[in-house]
Every structure is written in C-alpha cells, then in structure tokens.
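Written below as structure tokens is the structure these notes are about.
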Amino acid sequence: MPAYKSLTDHELFILMQDGNKFAFEEIYERFNGLLYIYACKMLPDREDARDIVQEIFVYLWSNPNIQIKSQLSNYLYTAIRYKVFDWLDKNKSRSNYLQSLEDFSLKGDYVTDDYIREKEFASLIEKEVSLLPPKMRLIFEMSRQQHLSQKQIAEILHLSDKTVKKQMSNALKVLRLKLTSFLLLATILLIK
C-alpha cells in the first residue's frame with residue numbers, strides 16, 4: 001500500500017476518481033475536521049454542520065467524474081459554502097439567513113484561509129525541493145525531514161562534513177531565492 005499521506009491533494013483526487021478507497025480515506029482525513037469547523041461557523045446546529053460535511057464527501061465519492069478546475073481544497077470549501085447557503089435558504093427565514101451571513105463575515109476568523117495558504121506554500125516548497133539537484137536534494141531532505149545532523153549525513157553518505165555543509169548552504173540559498181520571490185508576489189497580490 002503506498003504512503004497516501006505523502007501524496008498531494010491532486011494526486012489523491014486522481015486516485016480516488018479511479019476508485020481507490022484509501023485515497024478517498026486520506027482526503028477525508030485531511031479535510032473532514034476543517035470542513036466541519038468551517039460549516040459550524042456558519043450554522044447554529046453542529047449536527048446540521050456534520051450532515052452537510054458528510055453529504056459533500058458522499059457526493060465526492062459517488063461522482064468520480066467530477067471536474068475540479070482549481071485545487072481540491074478550494075472545491076471542498078466552496079461546496080460546503082453552497083450547501084450551507086442552500087440549507088439556510090430552506091430552513092430559515094430570509095432575515096435569519098442574512099443575519100447569519102453578516103455574523104459570519106464579521107467574525108473575522110480566517111483560519112481556514114490561512115490553512116489553505118499554508119498547504120499551498122508547503123506544496124510549493126515540496127515542488128522546489130524536488131527540483132534541486134539529486135545530491136543536494138538528498139542531503140536537504142535528510143536534514144529537514146529525517147532531522148539528521150550534518151555529521152550523521154556525512155557518515156551515511158560517505159562525504160566530508162564540509163561537503164554536506166556546502167550542499168545544505170546551497171540548497172537553502174536556492175530555496176530562499178525562489179520562495180522569497182513567491183512571498184513577495186503573494187504579498188503584492190494581497191495588498192491589492
């Protein structure tokens with residue numbers, strides 16, 4: 001069984017569309033809690049929020065031909081929002097509906113947006129790390145993912161400490177350069 005936790009949302013979605021239940025379970029694990037919190041912020045009843053989240057996942061699993069034009073996380077949050085709006089429309093008077101939307105917008109709690117941005121940034125980091133030269137990438141991953149010291153890496157790879165240090169330094173320079181330009185662009189877009 002592949003390590004589903006290490007796959008991107010998009011890779012999991014593709015596998016799920018082919019009927020892979022483990023990929024669907026990983027998607028469910030990643031998003032169920034966050035979607036529930038998101039729905040609870042818009043609905044007064046937690047059971048209704050839970051039901052709406054479950055409906056979204058049932059729909060996702062039972063419709064393998066869904067075309068998603070953006071990221072899976074964006075699709076799921078949008079689906080929750082529309083389901084909540086539909087529920088509110090059916091179950092509350094118009095004034096209560098507008099009041100709950102106003103309350104939601106005034107709370108100013110954008111934790112889910114921050115989480116989405118964090119996941120997107122982590123995905124970007126993964127992509128940039130994968131583009132590093134093989135030896136540099138291996139040393140970087142051993143340091144950052146396996147939490148090995150430079151000395152341990154040098155021993156495992158039969159390299160000098162100085163070589164490992166230089167490779168780490170080069171990897172950090174490359175990543176810093178690429179990610180700084182991304183953060184600058186993102187900041188400019190957020191200001192507009």
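Read the figures in this text as sums done on the coordinates, not as results from a lab. Just so it is clear, the model here is predicted, and its values are computed rather than measured. Methodologically, a virtual Cβ is constructed for each residue, glycine included, from the backbone with ideal geometry; neighbour enumeration extends over all protein chains shown.
Along the Cα→Cβ direction, 7 angstrom out, place labels at Thr163 and Ser70. What is the inter-label distance in nm?
For the pair Thr163/Ser70, the computed spacing is 4.7 nm.
Find which of Thr8, Ile27, Phe57 sits farthest along the positive direction of the dipole of segment 1-76, computed with +1 on the beta-carbon of Lys and Arg, -1 on that of Asp and Glu, about the Cα centre.
So the residue we want is Thr8.
Report the full-extension gain for the segment Tyr82 to Leu179: residue separation times 0.36 nm, less the Cα-Cα distance, to one decimal in nm.
31.5 nm
Past 19 Å, Cα to Cα: identify those pairs from Lys135/Lys165; Lys127/Lys178; Lys5/Lys178; Lys119/Lys178; Lys41/Lys83; Lys5/Lys173, in the order given.
The answer is Lys5/Lys178; Lys5/Lys173.
Test of understanding: what is the full-extension gain from Glu128 to Ile14, defined as 0.36 nm times their sequence separation minus their Cα-Cα distance?
Extra length from Glu128 to Ile14 when fully extended: 38.8 nm.
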